[in-house]
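The values are calculated or read from the model by the stated rules, or taken from the named source; none is laboratory data. What you see is a predicted model, and the numbers here were worked out from it, not measured in a lab. FYI the Cβ positions are ideal-geometry reconstructions off the backbone, even for glycines, and counts take in every protein chain you see.
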Amino acid sequence: MKKIKFTKMSGAGNDFIVVEKTPGICHKKLARTACDRTNGIGADGLLVLDKSKSCDHKMRIINADGTEAEMCGNGARCLAAYIVKNKKTKKKLFSVETKAGTIMGEANKETAIVKLSDPKEYIPNIPLDLSGREIQVSYIDTGVPHVIVYVHSINHIDVRGIGRAIRSHKMFEPRGTNVNFVEQESENIVNARTYERGVEDETKACGTGSVASAIITYLKLNPDITDKKKASMQVRTRSGEILKITFDITKGTISNVWLKGSAKFIAEGEYFLK
């Protein structure tokens with residue numbers, strides 16, 4: 001039996017187990033066992049802090065099912081707060097290597113902000129057949145793939161059933177996709193519920209999904225804008241917390257994406273890996 005030190009954290013209700021890389025440990029196995037909500041600690045995913053040759057730090061994101069994700073916005077904010085608290089970094093803004101590219105992060109106690117990799121592959125108004133019913137969705141990769149579905153009465157949507165069907169749709173093979181159900185609350189606030197691949201269920205929040213929801217909604221509301229500094233949108237997550245997203249539009253291209261929200265410390269302890 002091996003003892004592994006962990007920190008349990010939550011970013012807007014999206015919860016994670018944070019560990020530092022441990023030699024001889026299969027972190028994918030650790031994710032599957034430790035993230036189990038009955039026989040483990042319980043979390044949406046595992047964050048592994050590692051050393052990087054190209055950045056100040058390196059982050060691995062492993063979903064609860066043991067699959068590895070390219071990026072996680074809420075996880076990145078939690079890791080930023082963890083680094084500030086535990087690593088005594090001298091830099092206010094530091095770089096973190098991820099599979100989706102280099103991101104930047106900073107934190108003040110339990111609030112963190114991260115600069116994500118630039119979105120790509122934006123495709124609006126995709127006709128999608130779901131068991132003979134055609135719906136329109138939009139797609140964007142904000143570090144991981146996301147589909148946006150605009151809905152009415154978001155509290156009555158079958159997030160698990162419809163989300164699972166879209167997540168595995170042949171249109172998005174082989175990677176699959178996360179699925180965000182979005183309802184516009186006001187000109188600058190949307191409500192979002194997300195079905196996350198890897199968790200294979202709805203989560204209380206999704207950082208990259210909130211970014212995807214914010215960007216696509218802003219472009220939908222402002223179809224003629226090709227240049228804008230610090231465009232902004234707020235996203236109310238399932239947990240009730242509002243995440244704040246800003247980004248630049250330059251000749252129709254999105255860049256300089258920032259995500260701000262909570263990064264709460266829940267518990268610290270030792271996990272017994274059998």
### Query
Is it true that residue 179 is surrounded by fewer than 22 Cβ atoms within 10 Å (Cβ to Cβ), of a type in the set (Val, Ile, Thr), outside the structural domain of residue 75 (by TED's automatic domain parsing) and touching a strand residue (DSSP E or B) at 6+ places or on another chain (Cβ under 9 Å)?
no
### Query
Are any residues in region 8-56 in contact (Cβ under 8 Å) with a residue 40 or more places away in the chain, touching a Leu at 6+ places or on another chain (Cβ under 9 Å) and hydroxyl-bearing (Ser, Thr, Tyr), and if so, which ones?
33
### Query
Could you list, in sequence order, the residues of region 67-103 that are polar (S, T, N, Q) and in contact with a strand residue (DSSP E or B) (Cβ under 6 Å, 6 or more places away or on another chain)?
74, 95, 98, 102
### Within region 1-24, considering residues that are touching a strand residue (DSSP E or B) at 6+ places or on another chain (Cβ under 7 Å) and part of a loop (DSSP other than H, G, I, E, B), the one surrounded by the most Cβ atoms within 10 Å (Cβ to Cβ)
12
### Task
Report the residue count in region 108-162 for those that are in contact with a Ser or Thr (Cβ under 8 Å, 6 or more places away or on another chain), surrounded by 11 or more Cβ atoms within 10 Å (Cβ to Cβ) and not aliphatic (A, V, I, L, M).
12
